[in-house]
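Down below is the structure, laid out as structure tokens.
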Amino acid sequence: MKSSCASIAALLLAALPAWAQETPDAGTVDLAAEVAELKRRVAILGEELENQRTGSAPATASPETIRALGMGPAASKVYTRDGLSVGGYGELIFTAFNDRLQNGTRQPVDAFGDTERAVFYFGYKFTDWVVFNSEMEFEHSGFSDEHPEGEAIIEFAYLDFLIKPWLNIRAGQVLLPVGFINELHEPPVFLGALRPALERTLIPTTWHELGVGLHGELPGGLVYRVYFLNGLDAARFNNDGSGSISGGRQDGHQVIANRPAVSGRLDWHALPGALLGGSFYVGDSAQAIGSQPVLTTLLEAHAEYRNSGFQARALYAHLTNGSAGIQAFGADPASAAFYTGTLQSGVYVEAGYDLFTLLPALRQNLIPFARFEWMNTQQEVATGAAADPANERTTVALGVNYRPIPQVAVKADFDFNLDAAHPGRNQFNLGLGYLF
């Protein structure tokens, strides 16, 4: 099948110049447009074949194309077809905890299951250069009077103006281009049952704000995105006691936009399957008029390599918050933001190998994997604030990811959780994820 598709693509490409030459001059303009469209479709076919050959994550286009657009496989579907596009993804999670803490204390807690997310994408390709894309997410089975802990939210809704490969404009509610998971968070694409803790805490995920910016592909395998956005709200930092900035996300909901922010990313696709890059976020997070500035700076570096059945990625993040601004919130226990880490950092490394590449006739994936993760969201705190040792965490995850088809994943992993206070608790996670 792969060889026949490749042959068709080659024949089509070979025929294009002759077809164009045989056309009468009167139809040159219309035919040129048809030829350009045919070339585009052949290019997409070639990218899909290369994606299958290298064993990259399942996608409607190659990983390079997806990351250039800043979208996951299902969310990028709108770019490959005309008119209305519908897609989505979802995940269900079951977690069971060890009865004993790392220090030996017996302290049983309930196991739990959750319809973590059910997500629907709605997009519309108006023309070849004007595209609308959106994501509507229902978390924890949605929201009702009986289950007020659920959530329904728009995670992105933007217009893309595709001008040139190297210069495109995006405006609306956008995903920030930081880390791996914030943009590529569809469950079959990442290995673990849960997203890495660092990319749920130190890097808030999913992180989306109102903004406008540019994205495109540059010579030499470079891909960039840069956005001008509304900033975080520091008054809501540390709302869960983790010391993180995640509570400060405004999520496009009646945002206080007194002080803006900038976020950007640059990736280098040095070789097929290899990615090196970094991202940043800089903004004043003190949105109240007349408040002491809180400059939040997040710097992140990442690398990924995929070849046949092997895949590995690494990420390092470094975050600071202006100490004087955090200090201004005061030591009142009601001021949770006072205990936000003024210095936060973390790193994780993971690797997996698809055993079924040794049995290609199966056309399935079975990927044992391991991940090491360390982070501290209160590495430094404001003068007078006390850091919670439990916010320095080390996790070693061992698991397996099985994909009977590229769009469906069954995932299981065992997490060995440690922290500086040593009440860490090991846990077993089972996940079911899909995209379409």
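The values are calculated or read from the model by the stated rules, or taken from the named source; none is laboratory data. Bear in mind the structure is a predicted one, so any value in this text is a computation, not a measurement. A quick note on method: Cβ atoms are made from the backbone with ideal geometry, for glycine too, and the neighbour counts reach across all protein chains shown.
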**Request:** Within the range 308-330, identify whether any single residue is surrounded by fewer than 16 Cβ atoms within 10 Å (Cβ to Cβ), at pLDDT below 95 and within 30 Å of residue 410 (Cβ to Cβ), and answer yes or no.
**Result:** yes
**Candidates 430, 358, 398 - the one that is touching a residue at least 12 places away in the same chain (Cβ under 8 Å), more than 20 Å from the chain's Cα centre (by Cα) and surrounded by 15 or more Cβ atoms within 10 Å (Cβ to Cβ)** = 430
**Prompt:** Going by the conditions given, is residue 370 free of Cβ contacts under 8 Å to residues at least 40 places away in the same chain, closer than 21 Å to residue 180 by Cα and assigned by TED's automatic domain parsing to the domain that holds residue 410?
**Reply:** yes
**Request:** Specify the residue that is farthest from residue 315 (Cα to Cα); the eligible residues are those in the range 261-276 that are touching a Gly at 6+ places or on another chain (Cβ under 7 Å) and small (Gly, Ala, Ser).
**Result:** 261
**Message:** Let me confirm something: among 106, 117, which residue is within 19 Å of the chain's Cα centre (by Cα), under 30 Å from residue 419 (Cβ atoms) and either assigned by TED's automatic domain parsing to the domain that holds residue 173 or crowded, with 16+ Cβ neighbours inside 10 Å (or both)?
**Reply:** 117
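Residues are listed down the side, and each one gets a yes or a no for (1) crowded, with 20+ Cβ neighbours inside 10 Å; (2) β-branched (Val, Ile, Thr):
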{"position": "179", "(1), (2)": "yes, no"}
{"position": "185", "(1), (2)": "yes, no"}
{"position": "192", "(1), (2)": "yes, no"}
{"position": "202", "(1), (2)": "yes, no"}
{"position": "212", "(1), (2)": "no, yes"}
{"position": "216", "(1), (2)": "no, no"}
{"position": "221", "(1), (2)": "no, no"}
{"position": "235", "(1), (2)": "no, no"}
{"position": "242", "(1), (2)": "yes, no"}
**Request:** Output the number of the condition that residue 293 fails; it satisfies all remaining conditions of (1) within 26 Å of residue 375 (Cα to Cα); (2) out of contact with any Ser or Thr (no Cβ under 9 Å at 6 or more places or on another chain); (3) surrounded by fewer than 16 Cβ atoms within 10 Å (Cβ to Cβ); (4) touching a residue at least 24 places away in the same chain (Cβ under 8 Å).
**Result:** (2)
